Amino acid sequence: MPDLLIELFSEEIPARMQTRAAEDLRQRVTDGLVEAGLTYAHAAAFSTPRRLTLAIEGLLERSPDLREERKGPRVDAPEKAIEGFLRGAGVTRDQLVEREEKKGTVFYALIDKPGRPAAAIIAEVLEQVIRTFPWPKSMRWGAGSLRWVRPLHAILCILTTEAGAEVVPLEVDGITASDTTRGHRFMAPDAFAVTGFEDYAAKLKRARVILSAEERADIIWNDATQAAFALGLEVVEDRGLLAEVAGLVEYPVVLMGEIGADFLDLPPEVLQTSMKEHQKFFSVKNPKTGRIERFVTVANIATPDDGATILAGNQKVLSARLSDAKFFWENDLRVVQTDGMTAWTDQLDDVTFHNKLGSQKDRIERIAALARELASVVGADADLAEQAARVAKADLSSEMVYEFPELQGLMGRYYADAAGLPSEVAAACQEHYSPLGPSDAVPTAPVSVAVALADKLDTLTGFWAIDEKPTGSKDPFALRRAALGVIRLVLANELKLSLWEAALNAIDQNNESLDRLKNEEAGKKGGILLGSPRVTQNSPDGKRVESKIDDLLSFFHDRLKVHLRDEGIRHDVIDACLAMPNSDDLTLLVSRARALQAVLETEDGTNLVQGFKRANNILTQAEEKDGVEYSFGADLKFAEDPAEIALFAALDTAEAKIAPAMQAEDFATAMAAMAGLRPAVDAFFEAVQVNAESAVLRRNRLNLLSRIRTTCLQVADLTRLDG
């Protein structure tokens, strides 16, 4: 069985597109071959800055012969219908067969499709793939019509068998397939022929091209870390940068350079960000001091002077970049040490957060008021929480954050320290954005938690107030991330927080802000200014606000289900707990859900739920039939069967444990007590007929089932569980 080797050789492909492009090439070519009848054993794709490569092993030599049966019209159908079927099937009347079916005799066309050689199929599939390749951006060049990410120079396409290699006959936009490729642009630019993938990979390596992106990344990391270790230093790990740099070179040569002494006192994050964003350099730090002292750059060529000239040029450019960063840093420090951070906060009055939600300064006022109210819930000092909220976003006006937006928050911490603000305030400047994602660390310092919650709640309630909610996959304001942030802050810090009250407070702040904006606009036009009373349930807008908060809580609960899915907690378990009181207390809700999940993973818990559902079904049917509610009156004196008597005792024991446990929010104990009912419930249903002939016995037993239902529903709404 032959092997197939394809290489598409072009000008430099952007690093960010290479991995996806290699996978697209593999998937589209193999899908096309399989659809045409050519199966294969294995396929692997590779990418370098100048080439996409696909190697396929164990390909069929030709597609199999096929016979297709195509059903046609009935034999008594109009002649035009039969002629249309003949044209569509590409057959003549004598090639039709007749078959008896339920609705009459029907024509069938038997179409023989002989197999085709692999080379012919490959040529068709590859040309189609090249012409329709899904590049994020593409271009045309010269007089041709082909579009590619960068000008495509050559196509290598060979089938290799035991007899040797055969070039697949293919031409795309004037580019004819061959068995030749080229090595490194500078160190081995001459063309050479190959006979298969192993020969191809070996000759490329001799021609200073490392085909595998993973191998290039390993070489870069190993050489960089060894060079740093020799100097007692460490390379700052950055997997994203490593993958990007591996896509910039075909033959990585690691070089280490020094950072000028004038820049060593810059914050390490500033050095790291500047070098990464502008130069694609790795930072090298001193583990004893934490300072960034050197950098690693990766060249695409080995030079006679061991990279000295390359390093000199890089250091010159780096010095210019870091001079800018130093200028920003020193200017920013001068501002905060002279005027404090309030000067920057005032500037945010001219920065629009959203045209319907006011400026960043308006938002800061709302967050400060909300953080003060949340302080008691999270155990923070109210004055510090408000102070932190007022300066947390001040660094958005700084020159450093304007140049490097990804440093917002972190620079706020440096500037707050420089301004002499309390350490809790400085920490909140950095931490209030967190958590930004499912793997991001969650703040635990009370002041930071208060400001982080206020920030996210203001965002959510603000956009809910103006009906800018996520729809489908669209979430332009990252509201899902904000909701997950609130959830993780509450759960990680075990906060006893009523989301309803918190959302109401936040909506109040947003409404006051919106009213002020409207009044200012009305004032400009000579209108009447109106007050902005606190929204209450009895106010004219109360019902509308309640509806928005309910909708926002549903949004939180949906995010919570996704978050807890990774813990293995079933969605129906969460639904069973959501139906209970205080479902806006996420800590309480999750504690209940975890306890219920744990019980359901036991045999007693699973069987008890089945017993509960059986009791509930019998009881519901009887209540519908009789038109009464059997919710009280079960009396031990009417119990006849020992199993019935035992169930009374078991319920007494369970209720005595469940009530105080629920009062103490000890859900594990309450759930265990509920699960302990299982033997008595099972025995009751096995031994006792509920719908007895005696009306007294039947009513008493139905009331006993009601006790089972009431007892179990104290811990969770088990009716919402699946199965």
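The numbers here are math on the coordinates, done by the rules we state, and not lab data. All of these numbers come straight from a predicted model, not from anything done at the bench. Backbone-built Cβ (ideal geometry, glycine too); neighbour counts: all protein chains shown.
First measure r as the distance between the Cβ atoms of Thr105 and Thr161, then evaluate 1/(1 + (r/R0)^6) with R0 = 41 Å and state the FRET efficiency to the nearest 0.05.
Once the sixth-power term is evaluated, E becomes 0.25.
Could you work out the local net charge near Val172, counting Lys and Arg as +1, Asp and Glu as -1, over the other residues with Cβ closer than 13 Å to its Cβ?
Counting the neighbours of Val172, the net charge comes to -2.
Give a quick list of chymotrypsin sites (Phe, Trp or Tyr not before Pro) in the range 610-639 that DSSP marks as loop, anything other than H, G, I, E or B, with at most 12 other Cβ atoms within 10 Å.
Sites meeting the loop and neighbour criteria: Phe632.
May I ask for the net charge around Ala661, where only other residues with Cβ less than 13 Å from the Cβ of Ala661 are counted and Lys, Arg are +1 while Asp, Glu are -1?
-1
Any chance you could run the full-extension gain for Asp218 through Glu12? It's 0.36 nm times the residue separation minus the Cα-Cα distance, nm to one decimal.
Computed gain between Asp218 and Glu12 is 72.0 nm.
When the helices in the chain are scored as -39500 (n - 2.57) per DSSP H run of 4 or longer and the sum is shared across all residues, what 222 nm value do you end up with, to the nearest 500 deg cm²/dmol?
Calculated mean residue ellipticity at 222 nm is -16500 deg cm²/dmol.
Would you work out which of Gly627, Ala45, Ile121 lies farthest towards the positive end of the dipole of the chain, given +1 charges on the beta-carbon of Lys and Arg and -1 on that of Asp and Glu, about the Cα centre?
The residue sitting farthest along the positive end of the dipole is Ile121.
Please name which of Ala369, Val245, Ala343 has its Cα lying farthest along the dipole of the chain towards the positive end, using unit charges on Cβ (Lys, Arg +1; Asp, Glu -1) and the Cα centre as origin.
Looking along the dipole axis, the top candidate is Val245.
Could you check the spin-label model distance between Lys496 and Arg93? Points 7 Å from the Cα along Cα→Cβ, value in nm.
9.2
How big is the charge dipole of the range 143-248 about its Cα centre, in debye rounded to the nearest 20, if each Lys and Arg gets +1 on its Cβ and each Asp and Glu gets -1 on its Cβ?
Dipole size: approximately 400 debye.
Sort Tyr108, Tyr251 so that the residue with the fewest other Cβ atoms within 10 Å of its own Cβ comes first and the one with the most comes last.
Tyr108, Tyr251
Given contacts defined as C-alpha pairs under 8 Å and at least six residues apart, what's the relative contact order of the range 595-720, whole-number percent?
41
Given 0.36 nm per residue, what is the gain on full extension from Lys613 to Asp305 after removing their alpha carbon distance, in nm?
102.8 nm
Taking R0 as 35 Å, what's the FRET efficiency between Asp475 and Glu258 from their Cβ-Cβ distance, rounded to 0.05?
0.20
Let me know the charge dipole size of the range 595-720 about its Cα centre in debye, to the nearest 20, where only the beta-carbon of Lys, Arg (+1) and Asp, Glu (-1) is charged.
180
Fewest to most neighbouring Cβ within 10 Å: what's the order for Trp135, Trp141?
Trp141, Trp135
Within the range 591-660, which GluC sites (Glu not before Pro) sit in a loop by DSSP and count at most 16 neighbouring Cβ atoms inside 10 Å?
Filter output for the range 591-660: Glu601, Glu629, Glu640.
If contacts are Cα pairs under 8 angstrom and at least 6 residues apart, what is the relative contact order of the range 342-566 in percent?
Averaging sequence separation for qualifying contacts and normalising by length gives 18 percent for the range 342-566.
Take Phe327, Phe353 and order them by how many other Cβ atoms sit within 10 Å, fewest up front.
Phe327, Phe353
Report the Cα centroid-to-centroid distance between the range 22-96 and the range 399-471 in angstrom, as an integer.
56
Can you pick out the pairs among Lys361/Lys456; Lys276/Lys316; Lys326/Lys361; Lys496/Lys613 whose Cα atoms lie more than 21 Å from each other?
Lys326/Lys361; Lys496/Lys613
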